[in-house]
Amino acid sequence: MKNTFVKTKNVKAFISLATKLNNAPKNSPKMGLVFGEPGLGKTNAIIWWAVKQDAILITAKNGMSARWFLAELVADLGESPHFNIPILFEQAVRHLIEHPRMLIVDEVDYLINSSKAVETIRDLHDKTGIPVLLVGMGMLDKKLIRFKHLFDRIIEIYRFVPFDIDDVKEIVNTLSEVEIEDTTIETLYQKANRFRQIVKYITKMENLAKTNGYKVITNKELWW
């Protein structure tokens with residue numbers, strides 16, 4: 001399996017959205033929302049972007065409070081988190097003003113029940129002017145509507161959609177170290193529609209080719 005980042009249609013749309021946030025005018029809102037069902041490449045995309053752009057990536061946890069969120073953020077910024085929430089907030093604001101970077105918050109669904117945590121993210125955006133990208137599950141857009149002041153600041157929204165046949169071909173041809181016939185990829189498309197599932201099939205086909213000395217994998221070599 002090749003260690004290569006695959007740019008599916010979802011990923012290309014994500015890159016476009018994140019780039020627009022980074023390039024938004026200085027005094028305009030810079031919040032974005034990316035959501036969708038699991039297995040469509042969201043996590044891989046945001047990790048790749050965070051590394052490439054030196055963005056801050058915070059993954060929300062179940063039951064995460066505003067203080068917990070701020071403490072994790074301040075620690076990621078390289079500072080020692082204060083126990084006091086207002087001071088924690090000022091630590092984060094000061095650092096982000098001095099060293100502005102995009103903030104990506106993954107698994108935002110875990111924060112929905114903590115209005116203080118959600119509003120803290122909005123306050124960080126307002127105080128620092130940094131781009132903020134919220135990432136979550138399939139109904140996140142509906143869940144965030146009740147936070148009107150935050151939702152009004154979201155200028156870019158993208159919903160990750162299921163892979164089409166071209167996406168599956170892109171994934172297979174980019175990652176596989178053995179040639180896989182197009183008709184076999186088309187059969188795979190009918191059986192797997194999540195990234196991890198597709199990767200498992202690629203691994204299976206690579207192992208089959210290695211064991212049997214196949215140069216190309218076709219439907220004949222597989223027991224679908």
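Only residues that are in a loop (DSSP other than H, G, I, E, B) and surrounded by 21 or more Cβ atoms within 10 Å (Cβ to Cβ): list them for the range 131-151, please.
Selection gives PRO131 alone.
Return yes or no: is LEU96 surrounded by 16 or more Cβ atoms within 10 Å (Cβ to Cβ) and within 30 Å of PHE195 (Cβ to Cβ)?
Taking the combined requirement at face value, the residue does not satisfy it.
Please state which one of PRO100, PRO86 is in contact with a Ser or Thr (Cβ under 8 Å, 6 or more places away or on another chain) and farther than 18 Å from GLU37 by Cα.
Among PRO100, PRO86, only PRO100 is in contact with a Ser or Thr (Cβ under 8 Å, 6 or more places away or on another chain) and farther than 18 Å from GLU37 by Cα.
Considering only residues that are outside any helix (DSSP H, G or I), free of Cβ contacts under 8 Å to residues at least 40 places away in the same chain and either under 17 Å from LYS220 (Cβ atoms) or among the polar types (S, T, N, Q) (or both), which ones fall in the range 167-197?
VAL178, GLU179, ILE180, GLU181 - these are the residues of the range 167-197 that are outside any helix (DSSP H, G or I), free of Cβ contacts under 8 Å to residues at least 40 places away in the same chain and either under 17 Å from LYS220 (Cβ atoms) or among the polar types (S, T, N, Q) (or both).
Consider the range 1-38. How many of its residues are surrounded by 21 or more Cβ atoms within 10 Å (Cβ to Cβ) and hydroxyl-bearing (Ser, Thr, Tyr)?
Count: 1.
Looking at the range 136-153, I want the residues that are over 13 Å from ILE112 (Cα atoms) and in the same structural domain as VAL118 (by TED's automatic domain parsing) and have a partner that is aromatic (Phe, Trp, Tyr) and part of a strand (DSSP E or B) with Cβ atoms under 7 Å, at least 6 apart or on another chain. Which pairs are those?
Final answer for the pair search is GLY138/PHE35.
Quick one: in the range 105-130, which of the residues that are assigned to a loop (DSSP other than H, G, I, E, B) and in contact with a Lys or Arg (Cβ under 8 Å, 6 or more places away or on another chain) is farthest from ILE87 (Cα to Cα)?
Only one residue tops the list, namely GLU107.
Being farther than 26 Å from PRO100 by Cβ and either part of a loop (DSSP other than H, G, I, E, B) or outside the structural domain of ASP109 (by TED's automatic domain parsing) (or both) is the requirement here; does LYS7 meet it?
It is true that LYS7 is farther than 26 Å from PRO100 by Cβ and either part of a loop (DSSP other than H, G, I, E, B) or outside the structural domain of ASP109 (by TED's automatic domain parsing) (or both).
For (1) hydroxyl-bearing (Ser, Thr, Tyr); (2) at pLDDT below 95; (3) in contact with a helix residue (DSSP H, G or I) (Cβ under 6 Å, 6 or more places away or on another chain), each residue gets a yes or a no:
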residue	(1), (2), (3)
ASP126	no, no, no
GLY129	no, no, no
ARG153	no, no, no
VAL161	no, no, no
ASP166	no, no, no
LYS169	no, no, yes
GLU179	no, no, no
ALA192	no, yes, yes
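The values are calculated or read from the model by the stated rules, or taken from the named source; none is laboratory data. Just so you know, these numbers come straight off a predicted model, no measurement behind them. Every residue, glycine as well, gets a Cβ built from its backbone with ideal geometry; the counts of neighbours run over all protein chains shown.
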